[in-house]
1. Return the pair list, or none, for Cβ contacts closer than 7 Å from residues in segment 104-115 that are in contact (Cβ under 8 Å) with a residue 12 or more places away in the chain to residues that are surrounded by fewer than 15 Cβ atoms within 10 Å (Cβ to Cβ) and in a helix (DSSP H, G or I), at least 6 apart or on different chains.
2. Could you list, in sequence order, the residues of segment 100-147 that are in a strand (DSSP E or B), β-branched (V, I, T) and crowded, with 19+ Cβ neighbours inside 10 Å?
3. Condition (residue is among the polar types (S, T, N, Q), under 23 Å from A213 (Cα atoms) and in contact with a strand residue (DSSP E or B) (Cβ under 7 Å, 6 or more places away or on another chain)) applied to segment 282-300: is it met by at least one residue?
4. Hey, among the residues in segment 283-308 that are touching an Asp or Glu at 6+ places or on another chain (Cβ under 9 Å) and among the basic types (K, R), which one's surrounded by the most Cβ atoms within 10 Å (Cβ to Cβ)?
5. Filter segment 21-45 down to the residues that are more than 30 Å from the chain's Cα centre (by Cα) and among the acidic types (D, E), then identify the one that is nearest to V10 (Cα to Cα).
6. Give me the strands (runs of 3 or more DSSP E) completely within segment 184-255, filtered to those with at least 2 residues that are touching a strand residue (DSSP E or B) at 6+ places or on another chain (Cβ under 9 Å) and crowded, with 18+ Cβ neighbours inside 10 Å, ordered by residue number.
7. So is G205 at pLDDT below 90 and within 22 Å of the chain's Cα centre (by Cα) or not?
8. So which residues in segment 152-171 are touching a residue at least 24 places away in the same chain (Cβ under 8 Å), in contact with a strand residue (DSSP E or B) (Cβ under 8 Å, 6 or more places away or on another chain), closer than 21 Å to V217 by Cβ and surrounded by fewer than 16 Cβ atoms within 10 Å (Cβ to Cβ)?
Amino acid sequence: MTLLQLKYIVKIVECGSMNEASHELYISQPALSSAVKELEKEMGIEIFTRSSQGIALTVDGAEFLTYARQVLDQSELLEERYKNATPRKQLCQVSTQHYMFAVEAFVELIKESNSDEYEFTLRETKTRDIIDQVANMQSEIGLLYLSDFNKDVIGKLLREKHLEFHPLFRAGLHVFLSRQNPLASKKKVTMDDLTPYPFIQYEQGDEGSFYFAEEAVWPEYSPKQINVTDRATILNFIVGLNGYTVCSGIDNEDLNSEKIVTVPLESSEQMLVGWISNERAKLSQAGEHYLERLKDVVANDGYKLVGE
C-alpha cells in the first residue's frame, strides 16, 4: 500500500468516476484501475463495486476511505511541518434539499474561512441523491427533513446505508406566494384556497416517490402542476405564473423578498429538518464550522434548535 494508491482512491470518490479521476490524475484509466485492484488484493477487500452504471463504494470501501483520508491528512501535516509545504486546501462538501438557509449558512462559512485556499461544494439536489452522496462520502453533510409520512421509509434507507440523522429544528408548513397573489395577505391558507393556482414541486427523478418529495404535503388533485429541478426556477414561476410551493417557512430576505412572501399553511403536519452524516466518517473542521453557521442562521430566523 502506498500514499499514491490512497490518493487515487480519494480522487476517484471525489470525481465519482474512474474515467474523470484518471484525467485529473494524468494517468491512463487502465493504469488507475490496475492500481485500485492491486490495493484491493493487498487489503483483501473490495473497495468499489463496478457496474454498467459506474462505480460505487462498498461498505468496506467506505470504511477504508475514512482511514485513507486520515493517513493522507497526517502525511500532509508532516510535510507542512518539515518541508514547509503549502497547507492543504480547506474542503467541505454539502448536499441539500433546496433550502435558502442552507445557502445562507454556506455563504457565512466561506466568508469566515481563514484559509488562503479552499474548495467548497454545495449541491442542491434530489432527496435520494443526497442520501447516496453522503453514503458514498462525496458529501460529508446532507440536509433533508423527516415527517410522519416519510420517516419510516427514509429512516430505513438511512440505516441500510449506515447514515445518522441529526435533528436541527421543527417547522410548521408554509407556502411561498407572489406578493401579487390574492392569498398573500391572509394570515393562513388552506390547500383548498390554493386549488386555482399552479402547484410547483421539485422533481425527484425516475426513482422519485412521494416519500422522497421535498414538499411535506401536496394537493390531492392539482389541475395545474409544474415540476422543476432548481430553486431559481421555482421562485421565477411563483412570481411569473402566480404559483405556489410548500416549504418550511424559513426565508432569506436577500432572495426575492420584494416579490415573494411566506404564508403559514393550515396543516397538522410538521417538518423535522436535520442533517445526515456517514457513521464511519468524522466531520472535517470546515464541516463542523458549517453546522455552527447553519444553527446560527436557523436560530436567527426564530426557530428553536432541537435539544437546546
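1. Nothing qualifies.
2. I141
3. no
4. My answer is R293.
5. In the first step, residues of segment 21-45 are kept if they are more than 30 Å from the chain's Cα centre (by Cα); the result is 27-28, 30-31, 34-35, 37-39, 41-44.
Next, only the ones that are among the acidic types (D, E) stay: 38, 42.
Values: E38: 16, E42: 17 Å.
Taking the candidates together, the pick is E38.
6. So the answer is 199-202, 245-247.
7. On the way: at pLDDT below 90: yes; within 22 Å of the chain's Cα centre (by Cα): yes.
When the stated conditions are applied, G205 passes them.
8. P167 - this is the single residue of segment 152-171 that is touching a residue at least 24 places away in the same chain (Cβ under 8 Å), in contact with a strand residue (DSSP E or B) (Cβ under 8 Å, 6 or more places away or on another chain), closer than 21 Å to V217 by Cβ and surrounded by fewer than 16 Cβ atoms within 10 Å (Cβ to Cβ).
The values are calculated or read from the model by the stated rules, or taken from the named source; none is laboratory data. Computed from a predicted structure; not experimentally measured. Note: ideal-geometry Cβ built from the backbone for every residue, glycine included; neighbour counts use all protein chains shown.
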